[in-house]
Amino acid sequence: MLKETSTLSKGKKPLVVMKFGGTSVGNGERMQNVAEIVADHAQRAEVVVVVSAMGGVTDMLIRAATEASQGGREHWKNVRRELARRHREVADQLLTAAEQAVVLPRLASQVGNFENLCSGFSLVREVTPRAMDTLSSLGEVMSAQLVAAILRSRGSPAEAVDATELILTDDNFGNASPLFEETNSRTRQRLQGLRRRGVIPVITGFRGANREGVCTTLGRGGSDYSGTIMGAALDADEVWIWTDVDGVMTADPRLVPEARILPEISYREAIELSFFGAKVIHPKTIQPVMKKKIPVWIKNSFKPTTPGTRIVPSAADGQRGVKAITSVSKAHLVTVSGKDTLSFPRLASKVFGSLSLGDIPTLMVTQSSAENIVSFAVHDADLRRVKMQLEKSFELELLHDNLASIEVMSQVAIVVAIGENMKGTPGIAGRAFGSLGRHGINIIAIAQGSSELSISFAVRSSEMKEAVKVIHEEFKL
Ligand code: ADP
Ligand code: ASP
Ligand code: MG
């Protein structure tokens, strides 16, 4: 049910962008459920739909491409069959004969694209990031075709739209950034006709295109971002992200089964949570809607009447202290030590200068000026680049190996306590420290965000789950 909320303008129908994730479109039954949700809300709101690939499809495509580029043919041939089977099964189950006649050839043509690409990768024994983007986002093209056709089969006018026509991005294949101004005008223009005719656009998540029209992707899990990019472009009243949990929870429910739903969180809390690993929203999701202050809801497609979590510019709940715990399981702690001749400011500037050259984000930073040491944590995926950049910047110092050293501690996890109102609540770090100590969990490093929105602890990966549970319990979340 679309509830009347203060943010929805009265009079004209509110515009809601609804994004459905992989599990929500995972099979025929789930896609049917999506069509029911959309058709139900379309009576009271103008709905624009964004879809992910069917659950597991993106992983399957990426693995097929990788194996093909290593010369194997067996694996991608099997994936081809599986890709065709999963989508065809839904078409057989849910589409009218007339819709099948329209959609089956379109699905077959995508399977054909998959085959041509993989066959090329195995011939040249290479897959470039550019070709990988075209291939890895084929799942979205196929699921958008299916969802639009299911809606039409049920009597709701709908049309699949490829986001390569809407989202213009830079050339950073695999993790592209949208160029907002042009994206906004393209989106408005391309969808105008459909909207005027009352046709529901069903847009592919995850993908965009560069200026040459070559397909790019927005990073893994990027369909959430596609949803808010569309929301901002269309001046939507709200963006609803439909997933497989009841909303944003006080911790990852896979780590803490007793985690609780947060009815409302602020933009800043959502950004912080997603940056530190809460997979429920992609880290860039909030960015497009910030200026226009568009509320984002996280809802469970398995329980469509449960309200979910509302993400707003600033939460009005006044809850003090810690609100949620999140964690990054695979991180590394890199420590750079300078000897006497390398002053601390010079050391720090070289370290962060080299990270900035590689555009590498840090998860936490600690320093000791007296000992001339800087430590920082980075994602597992970034470690290789970090080492490369540092070795380049400190080439001479390392050559005279008495001037500097670079050490890496692996199998480290970062556990983060988050809450906008931690600011000014004394004793939070002490309580977290105390509780971890009582459970025998060793804290390797600690850092508090200068905004006082988060406190981060580095612990051994093997102790991460326990650390999250202990802090969750300590603050009675
Ligand atoms: P979708 O395919 O719908 O995009 P994802 O798998 O990307 O869904 O994200 C949803 C998952 O995020 C949940 O199933 C849950 O396991 C995980 N998750 C991690 N941290 C949290 C959290 N704090 N609150 C809710 N879910 C979380
Ligand atoms: N299908 C893409 C992925 O698995 C995008 C998404 O689901 O958000 O990464
Ligand atoms: Mg996701």
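The values are calculated or read from the model by the stated rules, or taken from the named source; none is laboratory data. Because the structure is predicted, anything quoted here is derived from the model rather than measured. Don't worry about glycine lacking a Cβ; one is built from the backbone with ideal geometry, like all the others, and counts go over all protein chains shown. Just so you know, the surface numbers come from the protein's heavy atoms only, side chains and all, with ligands and any DNA or RNA stripped out. Shrake-Rupley method; radii C 1.70, N 1.55, O 1.52, S 1.80 Å.
Below 8 Å between Cα atoms, with a sequence gap of 6+, how large is the relative contact order for the chain in percent?
Taking the mean separation of contacting Cα pairs over the length of the chain, I get 13 percent.
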- line: Between the residues Thr243, Ala429, Ala445, the Cα farthest towards the positive end of the dipole of the chain, that dipole coming from +1 and -1 charges on the beta-carbon of Lys, Arg, Asp and Glu, is from Thr243
query: Of Val328, Phe275, Ser223, which is farthest on the positive side of the dipole of the chain, counting Cα position, with +1 on Lys and Arg Cβ, -1 on Asp and Glu Cβ, and the Cα centre as origin?
result: Ser223
- prompt: When the Kirkwood hydrodynamic radius is evaluated over all pairs of different C-alpha atoms of the range 101-246, what value in angstrom, to one decimal, is obtained?
  reply: 16.1 Å
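Local charge sum around Leu398 (other residues, Cβ-Cβ under 14 Å, Lys/Arg +1, Asp/Glu -1)? Please list the in-between numbers first.
Values: positive: Lys339, Lys350, Lys387, Lys392; negative: Glu391, Glu395, Glu397, Asp401, Glu407.
Here the charged neighbours net out to -1.
With all protein chains present, how much of the accessible area of the chain (probe radius 1.4 Å) comes from carbon and sulfur, to the nearest whole percent?
Details: 10560 of 20680 Å².
Heavy-atom surface of the chain belonging to carbon and sulfur, 1.4 Å probe: 51 percent.
What is the packing order of peptides 159-167, 252-260, 406-414, 47-55, taking the mean over residues of other C-beta atoms within 10 Å and listing the highest first? Walk me through the numbers on the way to the answer.
On the way: 159-167: 23.2, 252-260: 15.7, 406-414: 17.7, 47-55: 28.0.
Most protected by this proxy first, the peptides run 47-55, 159-167, 406-414, 252-260.
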Those lysines that a straight Cα-Cα span of less than 23 Å connects to Lys13, excepting residues fewer than 8 apart in one chain: Lys3, Lys291, Lys292, Lys293, Lys299
query: Restricting to lysine pairs 8 or more places apart or on different chains, what number in the range 326-451 have Cα atoms under 24 Å apart?
result: 6
task: Give the share of C-alpha pairs in each 10 angstrom bin for the range 332-446, from 0 to the last occupied bin, in whole percents, shortest bins first.
output: 12, 39, 30, 16, 3
task: Looking at the chain, send over the antiparallel percent of its DSSP beta bridges, to the nearest 5.
output: 60 percent
- prompt: What ranking do 115-122, 229-236 get when scored by the average of other Cβ atoms within 10 Å per residue, highest first?
  reply: 229-236, 115-122
- request: Take the Cα gyration tensor of the range 243-362, multiply each eigenvalue by 5, square-root it, and list the three semi-axes largest first, rounded to whole angstrom.
  value: 36, 17, 13
- request: Arrange the peptides 358-365, 33-40 so that the one whose residues have, on average, the most other Cβ atoms within 10 Å appears first.
  value: 33-40, 358-365
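Above 20 angstrom, tally the Cα pairs of the range 203-273 and express them as a % of all pairs, no decimals. Mind showing how you got there, number by number?
On the way: 1106 of 2485 pairs.
Of all Cα-Cα distances in the range 203-273, 45 percent exceed 20 Å.
Once Rh for the chain is found with the Kirkwood sum over Cα pairs, what is the Stokes-Einstein diffusion coefficient at 25 °C and 0.890 mPa s, in µm²/s?
Numbers: Rh = 24.0 Å.
Translational D for this selection: 102 µm²/s.
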- request: Determine the distance separating the Cα centre of the range 124-193 from the Cα centre of the range 262-307; give it in Å without decimals.
  value: 22 Å
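For the chain, what is the mean residue ellipticity at 222 nm derived from helices alone (per DSSP H run of n ≥ 4: -39500 (n - 2.57); sum divided by total residues; nearest 500 deg cm²/dmol)?
Details: 14 runs with 190 residues, N = 477.
For the chain, the value works out to -13000 deg cm²/dmol.
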